[in-house]
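Notes for the one structure printed next.
The values are calculated or read from the model by the stated rules, or taken from the named source; none is laboratory data. Only a predicted model underlies this, so the values are computations on that prediction, with no experimental measurement involved. Quick reminder, even Gly has a Cβ in these numbers, built from the backbone with ideal geometry, and neighbours come from all protein chains shown. All accessible areas refer to the heavy atoms of the entire protein, side chains included, with ligands and DNA or RNA removed. Shrake-Rupley method; radii C 1.70, N 1.55, O 1.52, S 1.80 Å.
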Amino acid sequence: MRIGVIGASGFVGGELLRLLTLHPEVEVTSATSRKYSGKYIYRVHANLRNLTDLQFTDQNLEKIIDSSDLIFTAVPHGTAVDIMPRLVESDIKIVDMSADFRLKKPDSYPMWYNYSHPHSGLLKKFLYGLPEIRRNKLKGARLVSCPGCMALTTILSLSPLLKGNIIDQKRIIVDAKIGSSGAGVASSRATNHAERYGVIRPYKPVGHRHTAEVEQELSNIAGSEVSILMSTHGVNIVRGILCTSQLFLKKPLSISDIWKLYREAYHGEPFIRLVKDHQGIYRFPDPKVVIGSNYCDIGFELDDRNDRIVIMAATDNLVKGAAGTGVQCMNLMLGFEETTGLDAAPIHPV
Ligand SMILES: NC(=O)c1ccc[n+]([C@@H]2O[C@H](COP(=O)([O-])OP(=O)(O)OC[C@H]3O[C@@H](n4cnc5c(N)ncnc54)[C@H](OP(=O)(O)O)[C@@H]3O)[C@@H](O)[C@H]2O)c1
């Protein structure tokens, strides 16, 4: 199958190229960049030196459509929305990595993204691409919108608890920490090394945009409205997310009850690892041991004195939080084995 990547010079684009280049069932036929058009891909993504001789092209939609069976759009939100009508019209399969088609209610866009959605009729056509939750619908789907990285990590870690009507749905506190690659490659004063190095920086104590998609998806799973109280921090790593969530039980449960819920929800899931260990350094999920892989590690601890559960989940924001899930969706959409091209073990130490 022929794959196009629009926005291929960015961090998510680069990670898509890394995974797709080694994928046995696909060939990357176009990779766009306005800035680097005509340049070899390895000049920007030097990790791909000798692995591909492809060059970046400019963003000529007609050429990309003609040379692709499926297109990834890995451009900033507010940008994907402009090119999508032509892509959708073409009948080609699309996986959008931006936030432009994740939210299903048009009035969520002015509220969370500060723009009025110009093509709100398309919102319902895109499937929210979370394979662990929507595997069957993704098989053969044509239009998919990939989750945000912190949103995915939160949704995967909390969904087993939301199914059973056992927790207080109005008081779910999520503390998310993310590395610098989460901000993308475009530089700003805040992401400049001198300003970013060494930080534990609260950047959205309230009102983070991913709150909207987490509430949307967890409310669907719970069957009634869920409120998420999310705070986010930038931390001193390049890749990685740790989401620590606090939830309050409606009635007391034992640790083995909770364990059972998670085991039932994720039994046989290729990319979910339940982590609970009594020995060693890594007794709980830790981004350091998922980097480079498509794993989402999930663990929990029960505070029975307060009927409180603390859930921890770790992902690599560029793999499971972006390109890895994108390729997992692609595999389902194109009828390949879901794990194809995604079986790399995490790198350690990083
Ligand atoms: N970083 C993450 O952890 C992460 C995780 C999940 C989802 N996402 C989402 O994935 C998308 C890409 O993120 P990223 O981190 O890769 O961003 P990025 O590093 O800033 O890359 C964005 C890419 O889009 C291109 N671009 C920028 N403005 C454009 C425009 N107006 N028209 C066409 N192309 C444009 C840029 O290439 P040229 O300037 O060379 O054309 C660049 O290659 C975003 O929507 C982001 O929210 C990111």
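Tabulated results
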{"item": "Protein accessible area in the chain, 1.4 Å probe - carbon and sulfur %", "result": "50"}
{"item": "Expected 222 nm ellipticity per residue - DSSP helices of 4 or more, -39500 (n - 2.57), all of the chain, to 500", "result": "-8000 deg cm²/dmol"}
{"item": "Fraction in percent of alpha-carbon pairs per bin - 10 Å, segment 204-350", "result": "10, 33, 40, 16, 1"}
{"item": "For segment 43-77 and segment 290-324, distance of Cα centres in Å", "result": "31"}
{"item": "Among beta bridges that DSSP assigns inside the chain, antiparallel share in %, nearest 5", "result": "50"}
{"item": "Cα extents of the chain along the three principal axes, largest first (Å)", "result": "62, 44, 41"}
{"item": "Solvent-accessible area per residue, Å², over the chain with all protein chains present [probe radius 1.4 Å]", "result": "45"}
{"item": "22 Å tail of the calculated P(r), segment 2-125, as % of Cα pairs", "result": "35"}
{"item": "J(HN,Hα) series, segment 55-68, from Karplus relation 6.51 cos²θ - 1.76 cosθ + 1.60, nearest Hz, glycine and proline x", "result": "10, 5, 10, 7, 8, 8, 4, 4, 5, 5, 4, 5, 9, 10"}
{"item": "Distance between modelled label sites at R34 and Q246, nm, 7 Å Cα→Cβ extension", "result": "4.4"}
{"item": "Simple spin-label estimate for E225 and R263 in nanometres, 7 Å along Cα-Cβ", "result": "3.7"}
{"item": "Label-to-label distance, nm, for residues given as N50 and L274 (7 Å Cα→Cβ offset)", "result": "4.3"}
{"item": "Gain upon complete extension [A344, N236; 0.36 nm per residue less C-alpha separation]", "result": "36.4 nm"}
